[in-house]
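Here the structure is laid out as C-alpha cells; the discussion comes afterwards.
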Amino acid sequence: MLERHGIEPAPERSPKTTWKELLRQHWGLIVAADFLTIEALTRRGLQRFVILFFMDLSTRKVEIVGIASSPNGLWMGQIGRNLTDAVDGLLKGRRYLIHDRDPLFTAQFLKMLAETRVASVKLPPRSPNLNAHAERFVRTIKEACLERMIFVRRGCGA
C-alpha cells in the first residue's frame, strides 16, 4: 500500500517502546553538568567563584568537580582528564553528558569525552527546563545556603 507521494508507511514496530521506557533504559547512563557562582569575602574584597558540578540523574548524587575564581580552558582540561579517568573517573560507564552551551565546555573538553565514548548533549539556548534536575539543584543551594551565608576564604594572600 502506498501513501501520499509514493512513500510506503513505516512498518509496525513490535513491541512498541514508549518514551518513558526508553528513558528508563538509559537513565543510569546520563550525567548532567552545570555551573553555579558564589561570592566569598577575601583579602581583596568580595570575589566571585565558579563551581562546576555533575549530577548522576539516576541517583541524584551531586559531585563538585571544581571551584575557580577565573575558570579557563586549562582548568576545564584538567577536569576533563579527571572525569574520564579509566579507573575512577566520574564518567566511567556513562554514555551521555547533558550540559548547556557555556563556552567553558571547550573543544578539548568535548574531545576528551568523545574519546571515552561519552556523548556530549548540548542543550538548545535558553532551555533550562531540559536540564531541570541540575537547575533545581542550583536553585535549592542558592535559596537554602548561599543567600543566607557570607563565605570567607581562609588562607594566605588570595
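Would you please give the residues with an amide H less than 5 Å from that of Asp34, counting only those at least 5 places away or on a separate chain, with H modeled from the backbone geometry?
Phe53
Taking only the C-alpha atoms, wrap a convex hull around region 29-150 and report its volume per residue in Å³ as a whole number. List each step's numbers first, then the result.
Details: hull volume 14.1 nm³, N = 122.
Looking at region 29-150, the number lands at 115 Å³ per residue.
Each value in this text was obtained by applying a stated rule to the coordinates, not by laboratory testing. Since the model is a prediction, treat every value here as computed from it, not as a measurement.
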